[in-house]
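A.B. asks: This is the structure, below, for whatever I ask next.
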Amino acid sequence: MCLAIPGKVVEISPDNQDSALVDVVGVRRRVDLGLLQDDRPVPGDWVLIHVGFAMSKISEQDAADQMSTLRMLGEIDGAMQEVSGYGLEDDEPVGENDAGFNDADVSGAKVN
Amino acid sequence: MAHGAGGKASRKLIEGLFAPLLFGAEPGPLGDAAHVDMNGTKVAITTDAFVVKPLSFPGGSIGELAVNGTVNDLAVSGAKAEAMVVSYVLEAGTPTPVLEAAIRAMAKAARDAGVRIVAGDTKVVEHGKADQMYITTTGIGRLLPGVSLDPRSVQVGDKILLSGPIGDHGITILLARGELDFEADLRSDTRSVLPLVEALIRAAGPGIRWMRDPTRGGAATSLNELARDCGLGMVLFEDQIPVRDTVRGACELLGLDPLHIANEGQFLAVVSPEYADAAINALSLAPGGSEAQVIGEVREQPAGAVLVTTLYGGSRIVDMLVGDPLPRIC
Amino acid sequence: MRFVDEFREPELISKTAEEIRRLAGDRHYRMMEVCGGHTHAIYRFGLKDILPENIELIHGPGCPVCVLPMGRIDDGLSIAQDRNVIFAAFGDMMRVPGTLGSPLEHKARGMDVRIVYSPSDALKLARLNPDRHVLFFAIGFETTAPSTALTMMRAKAEGIHNFSVFCNHVTIIPAIRAILDSPDMRLDAFIGPGHVSTVIGCRPYEWIAKNERKPIVVSGFEPLDMLQSIVMLLRQLNAGEAKVENQYKRVVPWEGNLAALKAMAEVFQLRPYFEWRGLGFISQSALSINDKYAEFDAERRFSVPGIRVTDPMAAQCGEVLKGVLKPHQCKLFGRECTPEHPIGALMVSSEGSCAAYHNYEHRKAAMVSLSSIA
């Protein structure tokens, strides 16, 4: 149910603002923007495409955040292990919309 | 219909029905071409049918496919095509320009490939049959010296080579049919691979165990056939398989695997480890071979199957195709 | 490929897998990935090779092809027996067997069957063939339903009459409920369906965390997405927590897609009940077309046999679907039921557990050691 691929909006159709030409590494297709009426993409935006419809705009910021969280994975736990040696560990639960630890838990004052 | 798609069903049809009736009890591994002994002279011979739709597409037409396909079948059997005969089955009412274009394309492709078309036949069938044109060819050639191919000679440790990027032809055709409404700057890779095969034989002849042109069914199907014929495992390194970005994009969008997509200008070769370096060097330096890669190696396991591995340690079995590759949305 | 390749970075994958091994320790975890797309990703990326043995991934029922009763395929194809009708469907449907064969087999016998990538392509066929009727055989969960809905809205606005939809859209929450209600089910956590959630958001899963006390992480489909989701689930489980988390933030809005939900509400209504192959009848689990769009409802425009086709008694699709049995434990697996001759739909769809298992695990079980491969 779930084959959806990121594509870049190249141009909005001049005669139909609900239709855009979207590019996926050189493969192009008209994609229906009707499900994103409340937050219309503009050329240069990235959208998630499923059965020829744009389902969502892709947040470059969230993607970048996720990557940095992943890169810190081993380092966070290494730091946590070090911290636990000082008896300063803090098991603050992860917030609902986070993809990992909050930076503040680790890189802040606790590891001094 | 699945029986023509090149994968499992095709193989069952050939092995189960044709082979016993036509080839007798023990035909041995089936290749696309055969070497026939005629009173001491060995001649290579092959036959093929071309039913592509649409007849014309970016990068070529049924004409080029017919010539190159025939030349390539002979080349990967270790033979140089000398002559071809052609049979056309034409649908009544096919416009003359369409026919003319196909024949011109064949003539040019034959000149480019250095093969002579020496005889031909035409039949016309009623409107509604033959999708405008089907072409059948038979090609004969002489064996190239210095190479002896047998899938049963493949051994653990042998390297698997691929002459260039896969998936160009099949995706081009899929997009050219127009049903999926995608566009891409992509062309069929149809070409004669004979020059590359000759370069490979010159550099590594004694070490070449097996060659195949991965047409319908893709590289996965050809390698699965080899795996079955030799009882060993074909292990491929995913990051080393050459695929153009556009083909990758189309495959991701449509849920297809490039390993299952047809190619018309590439070939696979299995080469012994001692000759592998010379082989890949010769290919990459030859015209049209710059994208050749070592894509894997032969191991004991998984016996009779093809495994694709990733840099992070994941792997998956890639089976022969069952029917045509179908786009999916799930 | 942007937003794809980053999440397939081999070094990061290895690192995340290491973290998973560290977090998983010795305890046995049973996690269900609901969505067929996740099942496919697990096999395609070979994720089981890098996960520790004590993490067991159970494949859920989120495969819309797999849960479609054979009778519904028969019904759709019966409409297209009329030579005037063009039967249009996604590629996924083409090999699914009905009682008299699959759509592709019907095509070989002369039916006009077309593969479409989008419901809008089916509508386009209707525009291009005004003297034919185009029947779009719609399948999919909430990911796909809004696109079908919007297509009908466009058809109505344009006054296109030679188009109808045979609607088999189903909803994910009742399926998850059915899994949790099953007495032989024992699950620790869920990997939530990422693309369904772009439409319905994350709120609909809150009862799983609150009432059933199971963690659920809404996950993307790239290897790093799924591995990160497993890290998040392990952290919750180890801390004794049960929350809904959104791993797929870059694409899934917590509140869902309002425009998509509105389109669905405009066109669809909930069926009182619907049969799910292998799971039986589930109430309020599927969509039909409402009165306002009745002209596009194939079930009202045409009469269909509506015959219920039961699976052979020996086929244990239901238990496999619920994760109670592993595919190879079904008596027909690999014998009467193979990818070439599928008896149950779990073998037909490439993301069905049985097909995936047959093509993958079955052969790899024969392999000596995988650790030498990477």
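A.B. asks: Under 4.7 Å Cβ to Cβ, no partner at all: give me those cysteines from the protein assembly as shown, in residue order.
C.D. replies: That list is A:CYS2, B:CYS230, B:CYS251, B:CYS330, C:CYS35, C:CYS167, C:CYS202, C:CYS317, C:CYS330, C:CYS337, C:CYS354.
A.B. asks: Which whole number gives the average, over all residues in B:177-184, of C-beta atoms from other chains lying within 10 Å of the residue C-beta?
C.D. replies: 6
A.B. asks: Follow-up question, since we're still on this one. For C:HIS161 and C:LYS292, compute 0.36 nm times the residue count separating them, minus their Cα-Cα distance, and round to one decimal in nm.
C.D. replies: Going from the current span to full extension adds 45.7 nm.
A.B. asks: Now, a different point. What full-extension length gain, to one decimal in nm, is calculated for B:ALA101 and B:THR138 as 0.36 nm per residue of separation minus the Cα-Cα distance?
C.D. replies: Gain on extension, B:ALA101 to B:THR138, equals 11.3 nm.
A.B. asks: Just to confirm my numbers, what's the Cα centroid distance between segment A:31-45 and segment B:199-275 in Å?
C.D. replies: 40
A.B. asks: If you don't mind, another one. If packing is taken as the average count of other Cβ atoms within 10 Å, what order do C:118-131, C:184-197 fall into, highest mean first? Walk me through the numbers before you get to the answer.
C.D. replies: Numbers: C:118-131: 18.6, C:184-197: 23.7.
Averaged packing, sorted descending, gives the order C:184-197, C:118-131.
A.B. asks: Mind checking which aspartates and glutamates have their C-alpha under 13 Å from C:LYS322, skipping anything on the same chain fewer than 8 residues away?
C.D. replies: Those aspartates and glutamates meeting the cut-off are C:GLU33, C:ASP181, C:ASP184.
A.B. asks: Would you mind checking the pairs B:LYS8/B:LYS80; C:LYS48/C:LYS262; B:LYS159/C:LYS249; C:LYS15/C:LYS243; A:LYS8/C:LYS124; C:LYS214/C:LYS326 and listing those with alpha carbons more than 32 angstrom apart?
C.D. replies: Long pairs (Cα-Cα over 32 Å): C:LYS48/C:LYS262; B:LYS159/C:LYS249.
A.B. asks: Rounded, prolate or oblate, given the Cα gyration tensor of segment C:216-352, with a/c below 1.5 counting as rounded? Walk me through the numbers on the way to the answer.
C.D. replies: Numbers: a/c = 2.32, a/b = 1.10, b/c = 2.11.
Oblate, because a/c is 1.5 or more while a/b does not exceed b/c.
A.B. asks: Separate question: Determine the percent antiparallel among the DSSP beta bridges restricted to the protein assembly as shown, to the nearest 5.
C.D. replies: For the protein assembly as shown, the DSSP antiparallel bridge percentage is about 65.
A.B. asks: Once every DSSP H run of n ≥ 4 in chain B is given -39500 (n - 2.57) and the sum is divided by its residues, what mean residue ellipticity at 222 nm do you get, rounded to the nearest 500 deg cm²/dmol?
C.D. replies: Theoretical 222 nm ellipticity from helices: -9000 deg cm²/dmol.
A.B. asks: I would also like to ask the following. For segment C:163-223, what is the relative contact order in percent, using Cα pairs closer than 8 Å and at least 6 residues apart in sequence?
C.D. replies: 36
A.B. asks: Take the Cα of C:HIS328, step 7 Å along the line toward its Cβ, and report every residue of segment C:50-92 whose backbone nitrogen sits under 15 Å from that point.
C.D. replies: Backbone N within reach: none found.
A.B. asks: Under the 0.36 nm per residue contour assumption, what length would be gained going from the current alpha-carbon distance of C:ARG30 and C:ASP5 to full extension?
C.D. replies: Value of the extension gain: 6.1 nm.
A.B. asks: Could you tell me which GluC sites (Glu not before Pro) in segment B:249-320 are loop residues by DSSP with no more than 16 other beta carbons within 10 angstrom of their beta carbon? Walk me through the numbers before you get to the answer.
C.D. replies: On the way: sites: B:GLU252, B:GLU264, B:GLU274, B:GLU291, B:GLU297, B:GLU300; in loops: B:GLU264, B:GLU291, B:GLU300.
Here the sparse-neighbourhood loop sites are B:GLU291, B:GLU300.
A.B. asks: So which residue, out of B:ALA279, B:ALA303, B:ALA66, gets the largest mean-square fluctuation from a GNM of chain B using Cα contacts under 10 Å as springs?
C.D. replies: Largest GNM mean-square fluctuation: B:ALA303.
A.B. asks: If you don't mind, another one. Suppose every K and R has +1 on its Cβ and every D and E has -1 on its Cβ; what is the size of the dipole of segment C:2-106 about the Cα centre, in Debye to the nearest 20?
C.D. replies: It comes to approximately 60 debye.
A.B. asks: Using +1 on the beta carbon of Lys and Arg, -1 on that of Asp and Glu, and nothing else charged, what's the dipole of segment A:32-74 about the Cα centre, debye to 20?
C.D. replies: Value, rounded to 20: 140 debye.
A.B. asks: So if I place +1 on the C-beta of Lys and Arg and -1 on the C-beta of Asp and Glu, and nothing else carries charge, what would the dipole magnitude of the protein assembly as shown be about its Cα centre? I want it in debye, nearest 20.
C.D. replies: 2020
A.B. asks: Name the residue, out of B:LEU17, B:LEU174, B:LEU232, whose mean-square fluctuation peaks in a Gaussian network model built on chain B with Cα pairs under 10 Å.
C.D. replies: It is B:LEU17.
A.B. asks: Quick check: Cα centre of segment C:184-200 to Cα centre of segment C:14-44, how many Å?
C.D. replies: Taking the Cα centre of each part, segment C:184-200 and segment C:14-44 sit 14 Å apart.
A.B. asks: Oh, and also: Compute the signed sum of charges (Lys and Arg +1, Asp and Glu -1) over the other residues within less than 12 Å, Cβ to Cβ, of C:CYS63.
C.D. replies: -1
A.B. asks: Between B:PRO195, B:PRO97, B:PRO273, which gets the highest mean-square fluctuation from a Gaussian network model of chain B, Cα cutoff 10 Å?
C.D. replies: In this elastic network of chain B, the residue with the biggest mean-square fluctuation among B:PRO195, B:PRO97, B:PRO273 is B:PRO97.
A.B. asks: Sorted from fewest to most neighbouring beta carbons within 10 Å, what does the list B:MET234, C:MET111 look like?
C.D. replies: Ascending Cβ contact count within 10 Å gives the list C:MET111, B:MET234.
A.B. asks: Computed over the Cα atoms of segment C:183-252, what is the convex hull's projected area averaged over all directions, in nm²? The partial results should precede the final answer.
C.D. replies: Numbers: hull surface 19.2 nm².
Over every viewing direction, the Cα hull of segment C:183-252 projects on average to 4.8 nm².
A.B. asks: Here is a further query. Using only atoms on other chains, find how many Cβ atoms lie within 10 Å of each Cβ of peptide C:87-96 and report the average.
C.D. replies: For this peptide, the per-residue mean of nearby foreign Cβ atoms is 4.
A.B. asks: May I ask you to list the GluC sites (Glu not before Pro) in segment C:1-86 that are in a DSSP loop and have at most 13 other Cβ atoms within 10 Å of their Cβ?
C.D. replies: Numbers: sites: C:GLU6, C:GLU11, C:GLU18, C:GLU19, C:GLU33, C:GLU53, C:GLU56; in loops: C:GLU53.
Taking segment C:1-86 and a limit of 13 other Cβ atoms within 10 Å, the loop GluC sites (Glu not before Pro) found are C:GLU53.
A.B. asks: Now for a separate question. Could you tell me, in Å, what Rg and Dmax come out for the Cα atoms of the protein assembly as shown?
C.D. replies: Values for the protein assembly as shown (Cα only, Rg and Dmax): 27.5, 91 Å.
A.B. asks: As a test of the formula, what do you get for chain C when each DSSP H run with n ≥ 4 contributes -39,500 (n - 2.57) and the sum is divided by the residue count, at 222 nm and rounded to the nearest 500 deg cm²/dmol?
C.D. replies: Counting only the DSSP helices, I get -10000 deg cm²/dmol.
A.B. asks: Then there's this: Can you give the average number of partner chain beta-carbon atoms within 10 Å of each beta-carbon in peptide B:237-247, as a whole number?
C.D. replies: That works out to 2 on average.
A.B. asks: Right, next: How much net charge surrounds B:GLY139 when only the other residues with a Cβ under 9 Å from the Cβ of B:GLY139 are counted, with Lys and Arg +1 and Asp and Glu -1?
C.D. replies: Cβ neighbours under 9 Å give a net charge of -3.
A.B. asks: Tell me, what is the FRET efficiency for C:ASP131 and C:ALA239 to the nearest 0.05, using R0 = 56 angstrom and their Cβ-Cβ distance as r?
C.D. replies: The formula returns an efficiency of 0.30 here.
A.B. asks: What is the spin-label model distance, in nm, from B:ASP239 to B:MET38 if the labels are put 7 Å beyond Cα along the C-beta direction?
C.D. replies: With each label point 7 Å from Cα toward Cβ, the separation is 5.2 nm.
A.B. asks: Let me ask another. Counting other Cβ atoms within 10 Å, which trypsin sites (Lys or Arg not before Pro) in segment C:41-122 have at most 15 and lie in a DSSP loop?
C.D. replies: Working: sites: C:ARG44, C:LYS48, C:ARG72, C:ARG83, C:ARG95, C:LYS107, C:ARG109, C:ARG114; in loops: C:ARG83, C:ARG95, C:ARG109.
Those that pass, being in a loop and sparsely packed, are C:ARG83, C:ARG109.
A.B. asks: Still on this structure, I have one more. Limiting things to C-alpha atoms, what are the Rg and the maximum Cα-Cα separation (Dmax) for chain B, in angstroms?
C.D. replies: So, for chain B, Rg and Dmax equal 19.2, 58 Å respectively.
A.B. asks: While we're here: Can you put B:GLU225, C:GLU245 in order of Cβ neighbours within 10 angstrom, beginning with the fewest?
C.D. replies: So the ranking, lowest neighbour count to highest, is B:GLU225, C:GLU245.
A.B. asks: What is the distance in Å between the Cα centres of segment B:276-328 and segment C:135-182?
C.D. replies: The distance from the Cα centre of segment B:276-328 to that of segment C:135-182 comes to 40 Å.
A.B. asks: Net charge near C:PHE296: determine it from the other residues with C-beta under 13 Å of the C-beta of C:PHE296, scoring Lys and Arg +1 and Asp and Glu -1.
C.D. replies: -1
A.B. asks: Taking a quarter of the surface of the Cα convex hull of segment C:141-198, what do you get in nm²?
C.D. replies: 5.2
A.B. asks: Moving on to the next point. What is chain C's relative contact order, in percent, from Cα pairs under 8 angstrom and six or more apart in sequence?
C.D. replies: 20
Each reported figure results from applying straightforward, stated rules to the coordinates on display, with no laboratory input. Everything quoted here is computed from the prediction, not taken from an experiment. Neighbour counts are summed over all protein chains in view; Cβ atoms, including those assigned to glycine, are modelled from backbone coordinates with ideal geometry.
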